[in-house]
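All remarks here apply to the structure that follows.
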Amino acid sequence: MALKRMDNVGIVVEDLGAAIDFFGELGLELEGRAMVEGEWAGRITGLGDQHVEIAMMRTPDGHSRLELSRFLKPDVVADHRNAPVNALGYLRVMFAVDDIDETLERLCTRGAQLVGEVVQYKDAYRLCYIRGPEGILIGIAQELG
């Protein structure tokens with residue numbers, strides 16, 4: 001049996017509303033918000049009785065999703081938001097944009113901070129990393145030519 005697709009990437013946040021606003025400014029569309037709670041959900045995650053508010057954000061092409069989660073129960077137990085680029089584990093999500101400069105300008109009004117600098121890779125891409133809401137590491141790439 002073949003892999004069909006990557007369904008979504010999940011990010012745990014403290015302020016769900018601010019994260020929705022930020023990723024909406026980036027260009028993702030809010031697909032829906034819901035509470036995920038109860039014993040059935042805890043059997044999937046191994047967390048037992050959990051209460052999680054989620055928002056599903058969809059890319060404009062409809063092929064990718066970002067699941068933003070705010071845990072109400074149990075409490076969050078670790079914080080990896082400020083881990084450096086070379087930390088082990090999941091690190092960042094990268095988005096392709098039409099205009100990296102215009103995108104950065106918009107996102108900086110929502111608190112984004114450039115990590116290093118915008119660089120050009122050959123004649124193929126302009127790329128950068130930013131810290132978004134709550135320090136989440138996000139990559140942005142503009143394809144050239």
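The table below lists the values:
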| quantity | calculated |
| --- | --- |
| Residues of segment 115-127 that turn out to be at pLDDT 95 or above and within 18 Å of the chain's Cα centre (by Cα), as a count | 1 |
| Segment 1-27 - residue that is charged (D, E, K, R) and either under 18 Å from V76 (Cα atoms) or under 13 Å from the mean Cα position of the chain (by Cα) (or both) and, of those, least open to solvent (accessible area, probe 1.4 Å) | E25 |
| Enumeration of residues in segment 119-138 that are among the aromatic types (F, W, Y) and either buried (at least 18 other Cβ atoms within 10 Å of the Cβ) or touching a residue at least 24 places away in the same chain (Cβ under 8 Å) (or both) | Y129 |
| Count of residues meeting criterion [open to solvent by 70 Å² or more (accessible area, probe 1.4 Å), among the polar types (S, T, N, Q) and more than 13 Å from R131 (Cβ to Cβ)] in segment 97-113 | 1 |
| Odd one out for G38, checked against (1) without any contact (Cβ under 8 Å) to a residue 24 or more places away in the chain; (2) closer than 21 Å to G10 by Cβ; (3) open to solvent by 80 Å² or more (accessible area, probe 1.4 Å) | (3) |
| Extreme residue, least open to solvent (accessible area, probe 1.4 Å), among residues of segment 59-70 that are within 14 Å of D7 (Cα to Cα) and of a type in the set (S, T, N, Q) | T59 |
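The rows are residues; the columns are (1) open to solvent by 80 Å² or more (accessible area, probe 1.4 Å); (2) within 21 Å of E143 (Cα to Cα).
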residue	(1), (2)
R33	yes, no
E53	no, no
M57	no, no
D75	yes, no
V85	no, no
F95	no, yes
V115	no, yes
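The values are calculated or read from the model by the stated rules, or taken from the named source; none is laboratory data. Because the structure is predicted, anything quoted here is derived from the model rather than measured. Counting neighbours? That spans all protein chains shown, and the Cβs are built from the backbone with ideal geometry, glycine included. Note: accessible area is taken over every heavy atom of the protein model, side chains too, but ligands, DNA and RNA are not part of it. Shrake-Rupley method; radii C 1.70, N 1.55, O 1.52, S 1.80 Å.
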